[in-house]
Amino acid sequence: MEKVLVFATHNKNKVFEVQQLLGDGFEIRTLSDIACHDEIEETGLTLSENASIKSSFVFNKYGLSCFADDTGLEVSALNGAPGVFSARYAGVQKSDNDNINLLLHNLKGNSNREARFKTVISCILDGKETFFEGILEGQIVSEKVGENGFGYDPIFKPNNYNITLAQMTIDEKNKISHRAKATLKFIEFLRQMA
């Protein structure tokens, strides 16, 4: 099995996290690395659909083994929102700060702070698609804390922890995160295929 995989993303933070988990056994190439500058429209209504849209686009256009993920923050008090719209919750500009500020505003005065991160990975190898899922349960804190990570990390405190994801090192986060859980299932699958 080839050791080069295309990750259908331009997000360097995601690539770094996943490459840390994959180690030296596989080389990740991004959309930029394969000169794919298309804006892949995430029109799915679920995380699985969006991940599939991205991996299928790359496989169909370039014929390369590919994986893609989609991640959503699901907040109980907001009926699972922002969910599939997490990256553009506050608008198409996809600003982490704007998204966080809107979420905190929408939760103001609500004592139910339960939330979970969910990542779904779609992998297409030799034309066959397989899905992997990871979930991290936690709470939304009332203000941003921490400088690490990205997205909603500064306001998400995993259950059984007293710090947010943004206060963790990359190694600490990769031991528990939703993306890590999905990626570790994906790695196990790759090892079995090798």
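The values are calculated or read from the model by the stated rules, or taken from the named source; none is laboratory data. Given the structure is predicted, the values throughout are model-derived calculations rather than measurements. Quick reminder, even Gly has a Cβ in these numbers, built from the backbone with ideal geometry, and neighbours come from all protein chains shown. We work out accessible area using only protein heavy atoms, side chains counted, and drop any ligands, DNA or RNA first. Shrake-Rupley method; radii C 1.70, N 1.55, O 1.52, S 1.80 Å.
Just checking, how many residues over region 57-70 are open to solvent by 30 Å² or more (accessible area, probe 1.4 Å) and not in a helix (DSSP H, G or I)?
Step one: filter region 57-70 for residues open to solvent by 30 Å² or more (accessible area, probe 1.4 Å), giving 57, 59-64.
Within this subset, residues satisfying the condition of being not in a helix (DSSP H, G or I) are 63-64.
The number of residues fulfilling the criteria is 2.
Of the residues making up region 82-98, those that are surrounded by fewer than 17 Cβ atoms within 10 Å (Cβ to Cβ), within 18 Å of the chain's Cα centre (by Cα) and either of a type in the set (G, A, S) or under 21 Å from S48 (Cβ atoms) (or both) number 4. Name every residue in region 27-40 that is open to solvent by 20 Å² or more (accessible area, probe 1.4 Å) and part of a loop (DSSP other than H, G, I, E, B), in order of residue number. Residues satisfying the conditions are S32, D33, I34, A35, H37, D38, E39, I40.
Applying the set (1) under 19 Å from the mean Cα position of the chain (by Cα); (2) open to solvent by 10 Å² or more (accessible area, probe 1.4 Å); (3) charged (D, E, K, R); (4) farther than 20 Å from E49 by Cα to R116 leaves exactly one unmet item: (4).
Looking only at region 132-153, filter to residues that are outside any strand (DSSP E or B) and among the hydrophobic types (A, V, I, L, M, F, W, C); which one of those is modelled with the lowest pLDDT? Walk me through it before giving the result.
Of all residues in region 132-153, those outside any strand (DSSP E or B) come to 141-153.
Okay, now just the ones that are also among the hydrophobic types (A, V, I, L, M, F, W, C), so 141, 145, 150.
On the way: V141: 97, V145: 97, F150: 88.
By that ranking, first place goes to F150.
Could you run through region 143-162 and say how many residues are crowded, with 20+ Cβ neighbours inside 10 Å and not hydrophobic (A, V, I, L, M, F, W, C)? Step through it out loud before you land on a result.
Pass one, region 143-162, residues crowded, with 20+ Cβ neighbours inside 10 Å: 149, 151-158.
Then keep just the ones that are not hydrophobic (A, V, I, L, M, F, W, C); that gives 149, 151-154, 157-158.
Within region 143-162, residues that are crowded, with 20+ Cβ neighbours inside 10 Å and not hydrophobic (A, V, I, L, M, F, W, C) number 7.
Considering region 136-167 alone, what residues qualify as being out of contact with any Asp or Glu (no Cβ under 7 Å at 6 or more places or on another chain) and within 30 Å of K3 (Cα to Cα)? Those that are out of contact with any Asp or Glu (no Cβ under 7 Å at 6 or more places or on another chain) and within 30 Å of K3 (Cα to Cα): L136, N148, G149. Selection within region 164-194: residues that are outside any helix (DSSP H, G or I) and in contact with a strand residue (DSSP E or B) (Cβ under 7 Å, 6 or more places away or on another chain). The member of this set that is nearest to I124 (Cα to Cα) is S177. Free of Cβ contacts under 8 Å to residues at least 40 places away in the same chain, β-branched (V, I, T) and open to solvent by 30 Å² or more (accessible area, probe 1.4 Å): does that describe T43? Criteria met by T43. The residue that is farthest from E133 (Cα to Cα), among those in region 80-117 that are among the hydroxyl-bearing types (S, T, Y) and in contact with a strand residue (DSSP E or B) (Cβ under 7 Å, 6 or more places away or on another chain), is Y89.
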